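Encoded as structure tokens, the structure appears first; notes follow it.
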Amino acid sequence: MQRLEGAVALVTGASAGIGRATALMLGAAGARVALVARRQERLDALCDEINTAGGAAAAFAADVASEVQAGAVVAAVIEHFGRIDILVNNAGIIRPGGIAGGDAQDWRDTFDVNVLAPMYWSRAVLADMLARESGHIVTVSSNAAKGGGAPTNNAYAASKHAITAFCGGLRKEVGSRGIRVTIVEPGATATEIAETITDETARAAMRSHLHNETVMQASDIAAAICYALSQHPRVNVDEVWLTPTR
Ligand SMILES: NC(=O)c1ccc[n+]([C@@H]2O[C@H](COP(=O)([O-])OP(=O)(O)OC[C@H]3O[C@@H](n4cnc5c(N)ncnc54)[C@H](OP(=O)(O)O)[C@@H]3O)[C@@H](O)[C@H]2O)c1
């Protein structure tokens, strides 16, 4: 974790769950953290928490699915902290529903946030990283990336499969220029992700899947992200696959 001291990290989806836990862990390890999500008041509260504990954080409210906002926020973070060493593409959504009778707008929203957004934010940070031949992009995918996920989470599984493939390709594109690329694929983790599901039955099913004593905690996934980030720069942790023990 010593290697994270003074590094500048941008974490998307920092207002809840895995992103929040990752921002806290990075802040405690001495990284300077740019917090991105839509809910400004949550980002401000997290910012205070990290700064009060002796860290350095700043909030940048944005919709990750906006290509324009990705460019503007990355420019603002570089203006504020001087550079970006680490991007954690964590923001993600799930919109359960079968394909038969499914809502194509749900599929588009899922791909906008889970696939296109990490592509926008990766491109936005790469100009500065490539110029310095240094940087690390970590993206949070899912166990659903392989094997299709649950029967009613097909669009989510397709999006996570796509983003895992994107990261494999990106690593081939920029690895030789000194940029590290890591994909983190968690299984069931107790976060707020069920609360964003509008369909009541699906929300209840996801709640009971995610909130029992056997699932992982957001801090477990944050620890895996920080493990990958804190390796020697000559080491690229390509993929971290995490499942609950029971
Ligand atoms: N929990 C699990 O079991 C699990 C398992 C495997 C993978 N994952 C993945 O882990 C990642 C984090 O999920 P989580 O479980 O921590 O979920 P969560 O508690 O619901 O947090 C999701 C975060 O993403 C942000 N977000 C969503 N849409 C956004 C948008 N359009 N613009 C900006 N920020 C947005 C939310 O912030 P705002 O609402 O404030 O914008 C929030 O901070 C996701 O990629 C998810 O697919 C989760």
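The values are calculated or read from the model by the stated rules, or taken from the named source; none is laboratory data. Quick caveat, the model's predicted, so the values are computed rather than measured. Every residue, glycine among them, receives a Cβ derived from its backbone with ideal geometry; neighbour counts consider all protein chains shown.
Couple of notes before you dig in:
- Close pairs from the range 186-198: first in a loop (DSSP other than H, G, I, E, B), partner more than 6 Å from the ligand (Cβ to nearest atom) and at pLDDT below 95, Cβ under 7 Å, at least 6 apart: Ala188/His209; Ile197/Pro96; Ile197/Arg203; Ile197/Met206
- Residues in the range 41-93 that are farther than 19 Å from Gly135 by Cβ and basic (Lys, Arg): Arg42 alone.
- Per-region count, the range 1-51, residues within 11 Å of the chain's Cα centre (by Cα) and among the β-branched types (Val, Ile, Thr): 5
- Any hit, the range 116-137, residues being in contact (Cβ under 8 Å) with a residue 12 or more places away in the chain, more than 27 Å from Arg234 (Cα to Cα) and outside any helix (DSSP H, G or I): no
- For the range 65-94, the set of residues classified as surrounded by 24 or more Cβ atoms within 10 Å (Cβ to Cβ) and within 29 Å of Met206 (Cβ to Cβ) consists of Ala70, Leu87, Val88, Asn89, Asn90, Ala91, Gly92, Ile94, listed by residue number.
- Condition check for Leu126: within 23 Å of Asp85 (Cα to Cα), surrounded by fewer than 22 Cβ atoms within 10 Å (Cβ to Cβ), away from the ligand (no atom under 15 Å from the Cβ) and of a type in the set (A, V, I, L, M, F, W, C): yes
- The residues on offer are Gln217, Gln105, and the sole one that is within 11 Å of the ligand (Cβ to nearest atom) and not hydrophobic (A, V, I, L, M, F, W, C) is Gln217.
- So Thr182, is it of a type in the set (Ser, Thr, Tyr), outside any loop (DSSP other than H, G, I, E, B) and touching a residue at least 24 places away in the same chain (Cβ under 8 Å): yes
- Search result, residues across the range 169-214 that are touching a strand residue (DSSP E or B) at 6+ places or on another chain (Cβ under 7 Å) and near the ligand (Cβ under 8 Å from one of its atoms): Glu185, Pro186, Gly187, Ala188, Thr189, Ala190, Leu210
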